[in-house]
């Protein structure tokens with residue numbers, strides 16, 4: 001396939017994802033998974049999970065980071081650029097139009113009801129993506145421990161209104177995972193010696 005055809009395909013795929021997904025990056029994960037794995041076969045499920053983990057841990061929205069990743073994988077720098085632009089255009093256009101009529105827009109009852117309906121859909125999309133990813137996570141004791149501890153902390157902190165950024169959950173989990181990896185590697189090296 002020609003590079004120009006790949007770039008066009010990337011652009012229109014990302015444009016479609018940007019147009020039909022509400023609720024931000026996490027709500028897009030289910031649609032990204034469907035497009036990248038099921039429909040287009042651009043990546044395997046394990047690579048998709050790695051891409052989501054990297055997209056969540058790097059600065060910027062998950063959907064944009066994911067689009068940049070898949071674009072770079074498919075067509076290098078230009079693929080990353082085209083994919084990023086494609087996924088950003090719908091959001092930018094919608095927000096720009098809304099900003100022109102923001103005050104009048106918020107006073108419309110129909111808009112209020114539409115946003116309430118969209119909120120339900122966004123909750124479903126995020127929950128669906130989370131459950132699908134949970135099915136594919138390795139079920140080793142360390143992964144189960146980290147997941148359980150994170151969920152427990154999130155629930156307890158929410159109940160007691162403790163402000164704790166999601167970034168800290170990611171960093172702490174990463175440090176624990178890296179520490180366990182290094183300890184296991186050192187033990188294997190000691191056994192060999």
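Between residue 132 and residue 95, what FRET efficiency follows from the Cβ-Cβ distance if R0 is 22 Å, with the result rounded to 0.05? For residue 132 and residue 95, the calculated efficiency is 0.20. Modelled this way, with points 7 Å down the Cα-to-C-beta line, the labels at residue 187 and residue 172 are 2.3 nm from one another.
How do 50, 103 rank when sorted from fewest to most other Cβ atoms within 10 Å of their own Cβ? All intermediate terms of the calculation are to be shown ahead of the outcome.
Values: 50 13, 103 6.
In increasing order of surrounding Cβ atoms, one gets 103, 50.
GNM remark for the chain: springs join alpha carbons under 10 Å apart, and the peak mean-square fluctuation among 108, 51, 28 falls on 108. For the chain, the longest principal axis of the alpha carbon atoms and the long axis of helix 45-57 meet at an angle near 80°.
For the residues 162, 120, 62, a GNM of the chain with alpha-carbon springs under 10 Å puts the largest fluctuation on 162.
The ranking of 93, 109 from fewest to most other beta carbons within 10 Å of each one's beta carbon is 109, 93.
Which of the following values of P(r) over Cα pairs in 5 Å bins from 0, in percent was calculated from the structure shown: [x] 1, 7, 16, 20, 22, 18, 9, 3, 2, 1, 1, 0, 0; [y] 1, 9, 17, 22, 22, 14, 8, 5, 2, 0; [z] 1, 7, 11, 15, 16, 14, 13, 10, 6, 3, 1, 1, 0, 0, 0? Computed from these coordinates, P(r) over Cα pairs in 5 Å bins from 0, in percent corresponds to label [z].
With the simple spin-label model, which puts each label point 7 Å out from Cα in the Cβ direction, the residue 2 to residue 162 separation comes to 5.9 nm. The angle separating the long axis of helix 141-159 from the principal Cα axis of greatest extent in the chain is about 50 degrees.
The length gained by stretching the chain between residue 58 and residue 109 to full extension, at 0.36 nm per residue less their Cα-Cα distance, is 14.6 nm.
For a test of the definition: using alpha carbon positions, the gyration tensor, and the 1.5 limit on a/c, classify the range 25-138 as rounded, prolate or oblate.
Details: a/c = 2.72, a/b = 1.50, b/c = 1.82.
Judged from the Cα gyration tensor, the range 25-138 comes out oblate (a/c at least 1.5, b/c at or above a/b).
The C-alpha atoms of the chain define a longest principal axis, and helix 166-192 lies at about 30 degrees to it. The distance separating the Cα centre of the range 91-106 from that of the range 33-63 comes to 30 Å.
Each value in this text was obtained by applying a stated rule to the coordinates, not by laboratory testing. Note that the structure is predicted; figures quoted are calculated from it, not measured. All Cβ positions, even for glycine, are placed from backbone atoms using ideal geometry, and neighbour counts span all protein chains on display.
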